[in-house]
Structure formats: C-alpha cells, structure tokens
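Beneath this line is the structure, given in structure tokens, with notes to follow.
The values are calculated or read from the model by the stated rules, or taken from the named source; none is laboratory data. Quick caveat: nothing in here was measured; it's all calculated off a predicted structure. Note that we place each Cβ from the backbone using ideal geometry, even for glycine, and neighbour counts take in every protein chain shown.
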C-alpha cells in the first residue's frame, strides 16, 4: 500500500468521524453554558419595587407556592458565600423561580417597602419585625403572606438548599412524624441523607 492509499484511508476514517466531531463542537458550548454559574441578582432574585402585597399577587398569578425572602447585609461573608456557591447555580435558580417569588432583603436597608400586611416600613424595620438576628436568614411565606418556615445561616451547599425548597414545595413541614409532631427540616435532611423518605 502506497502513501497515497494511506492518505485516502486516513481521510475516509476522518470523514466517518466528522459528524460526531461537528456535533460535539456544536453542543459543547450549550453544555458548558447550562452548568455555568449565573448572577443570582439576574437569574435567582426577581426585580421588585418593594411591595410585598404585589409580590404575593404575582406569585398567585404565576401558580407559585409563595414568596422566598433572602435576608442579607453587605458585610455578611456567609451571604456572599451563598450567592457565589448556591444561588448562582442554574438548577437552583430554575427550581426556586418555578415555585417561589424570590426576593432579597437588606436587613440594614433604609429603603421603604410595603410589607405583606400593606404597611409601609423600611427593609430594616421589616427585618426586625421578622426577628432576623443573623444573616443570611431565609424565610418562606405562603400566598397569604404568613411565614411558614425560616432558616438562619448559610446552607451547606446546593443539595441542602434544594432540600429546603422541596421541604416547602412538598409541604413536608405540615406532615407529622410517628409521635404526632410536625416534621422539622433537620429531620427531613436526615431522612433524605439516609434515603428513608
């Protein structure tokens, strides 16, 4: 076999692999973008004018289960870690935006808002009213504006935060354990880890 025969055979082999290679080149950017971290202020938190009664109406109209508030402050390293490692993940953003109207609340903010009862107060006063003592504090409110669950401190990671969302979406917080008490989130996490749920 001469060198021209070897070149033809090599070209035929390459030609057979070209569609696979072209598909890989075409789909690779899509795959990389799908799993790339995204800005939580653009993809997790909703834009708001600060009227929580309006946010409830939006959540109801969109068929969501309620409002999720992320209480934070500028100097909070745990808040920053949550935004850089959890709230920036596409799967988290998509799940939470599907089920909740997600908003950020500055516990030191002097910006005026309208709370769930229709009262005009500052973000700082609203945080105080909701007994935010440390940040981050994450709170879930039902479609009537009642706080149904709160969690103080950063989630350990994406999985724990997703479990928190599922805990609310699946209404596990309303379910009873064998002794007749409501299932707490710590118990739910243990059940998820042990795959007993």
Among what's in the stretch 49-75 and is buried (at least 20 other Cβ atoms within 10 Å of the Cβ) and out of contact with any helix residue (DSSP H, G or I) (no Cβ under 9 Å at 6 or more places or on another chain), pick the residue that is farthest from residue 106 (Cα to Cα). 59
Any residue in the stretch 167-185 that's in contact (Cβ under 8 Å) with a residue 60 or more places away in the chain: show its pairings with residues that are part of a helix (DSSP H, G or I) at Cβ separation under 7 Å, as long as the two are six or more apart or on different chains. 169/99
If residue 123 meets every condition in (1) over 17 Å from residue 67 (Cα atoms); (2) touching a strand residue (DSSP E or B) at 6+ places or on another chain (Cβ under 7 Å); (3) surrounded by 16 or more Cβ atoms within 10 Å (Cβ to Cβ) apart from one, which number is that one? (1)
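From the residues in the stretch 49-75 that are outside any helix (DSSP H, G or I) and farther than 15 Å from residue 96 by Cβ, which one is modelled with the lowest pLDDT?
The initial filter retains those residues of the stretch 49-75 that are outside any helix (DSSP H, G or I), namely 49-51, 62-75.
From what is left, the residues that are farther than 15 Å from residue 96 by Cβ are 49-51, 71-75.
Details: 49: 91, 50: 94, 51: 97, 71: 98, 72: 98, 73: 96, 74: 94, 75: 95.
Step by step, filter the stretch 49-75, then rank; the result is 49.
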Give the residue, chosen from 100, 161, that is in contact with a helix residue (DSSP H, G or I) (Cβ under 8 Å, 6 or more places away or on another chain) and within 24 Å of residue 77 (Cβ to Cβ). 161
